[in-house]
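For reference, the structure discussed in these notes is given below.
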Amino acid sequence: MASLLFTSLCAVMCVTAYAHINIYPSELEPGWAFVKMRVPHDCGDETIGTTNVTFKMPVGVVGTRLEQVEGWRGLYMKGPTGDPDYPDEIHTVTYLGFLPDYFYREFGLIIKILDTVERGTILYFPTYQECHGDGEVIAYDEIPTGDGEPLSYAAPSIVVI
């Protein structure tokens with residue numbers, strides 16, 4: 001039992017250690033919360049900056065509201081959820097702007113984790129960072145498979161406690 005707990009804990013912590021885009025806080029109870037998505041410039045060339053960042057909301061997260069970030073334009077996409085209490089919700093958030101090399105930016109979101117999400121569930125927020133110039137998109141959307149392999153581009157995540 002202790003071995004299983006350690007393995008589970010390590011899986012979460014090891015993935016977080018490799019994640020390049022982070023979400024704070026990384027543990028939340030169901031209900032409303034303000035979270036920050038920290039995005040560093042990572043386009044691989046100091047002459048090329050990040051031009052937009054897209055976050056996808058996982059199932060179990062509703063009520064998303066965007067922070068107004070100076071110098072960036074926030075956009076969102078809504079769609080049906082299949083939940084009669086929340087029939088039409090934001091599922092994708094994109095911020096358009098410019099993030100030069102050696103800088104980072106935090107993007108705030110208000111979210112609600114539904115009470116139906118079980119404690120211990122890990123909610124993954126696939127994130128896509130687009131680079132100026134060649135239009136390369138860096139996809140931080142890898143989700144652990146349980147094989148213990150480290151992830152190069154892990155999706156930021158929140159553990160429901």
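Of 85, 101, which residue is modelled with pLDDT under 90 and under 27 Å from residue 30 (Cβ atoms)?
Values: 101 fails: under 27 Å from residue 30 (Cβ atoms).
None of the others qualify; the one that does is 85.
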Of all residues in segment 111-136, which are part of a strand (DSSP E or B), under 18 Å from residue 75 (Cβ atoms) and either of a type outside the set (D, E, K, R) or open to solvent by less than 30 Å² (accessible area, probe 1.4 Å) (or both)?
111, 127, 128, 129
Considering (1) more than 13 Å from the chain's Cα centre (by Cα); (2) under 17 Å from residue 40 (Cβ atoms); (3) open to solvent by 60 Å² or more (accessible area, probe 1.4 Å), say which one residue 85 fails and leave the rest.
(2)
If I filter segment 147-156 down to residues being touching a residue at least 12 places away in the same chain (Cβ under 8 Å) and over 22 Å from residue 114 (Cβ atoms), which single residue comes out as most open to solvent (accessible area, probe 1.4 Å)?
153
Selection count where residues are more than 18 Å from residue 30 (Cβ to Cβ) and open to solvent by less than 70 Å² (accessible area, probe 1.4 Å), scope segment 58-70
3
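Listed here are the residues, each with its yes/no results for (1) touching a Leu at 6+ places or on another chain (Cβ under 6 Å); (2) in a loop (DSSP other than H, G, I, E, B); (3) open to solvent by 60 Å² or more (accessible area, probe 1.4 Å); (4) acidic (Asp, Glu).
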{"residue": "91", "(1), (2), (3), (4)": "no, no, yes, no"}
{"residue": "102", "(1), (2), (3), (4)": "no, yes, yes, no"}
{"residue": "105", "(1), (2), (3), (4)": "yes, no, yes, no"}
{"residue": "109", "(1), (2), (3), (4)": "no, no, no, no"}
{"residue": "138", "(1), (2), (3), (4)": "no, no, no, no"}
{"residue": "145", "(1), (2), (3), (4)": "no, yes, yes, no"}
Do we find a residue being in contact with a Cys (Cβ under 9 Å, 6 or more places away or on another chain) and within 22 Å of residue 20 (Cα to Cα) anywhere in segment 50-70?
yes
For residue 159, state whether it is surrounded by fewer than 19 Cβ atoms within 10 Å (Cβ to Cβ), part of a loop (DSSP other than H, G, I, E, B) and among the β-branched types (Val, Ile, Thr).
no
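Suppose the filter is within 23 Å of residue 20 (Cα to Cα) and in contact with a strand residue (DSSP E or B) (Cβ under 6 Å, 6 or more places away or on another chain); does residue 117 pass it? First the steps, then the outcome.
On the way: within 23 Å of residue 20 (Cα to Cα): no; in contact with a strand residue (DSSP E or B) (Cβ under 6 Å, 6 or more places away or on another chain): yes.
In short, no.
The values are calculated or read from the model by the stated rules, or taken from the named source; none is laboratory data. Bear in mind the structure is a predicted one, so any value in this text is a computation, not a measurement. Here the Cβ is made from the backbone with ideal geometry for all residues, glycine too, and neighbour counts use every protein chain on show. With ligands, DNA and RNA removed, areas are computed over all heavy atoms of the protein, side chains included. Shrake-Rupley method; radii C 1.70, N 1.55, O 1.52, S 1.80 Å.
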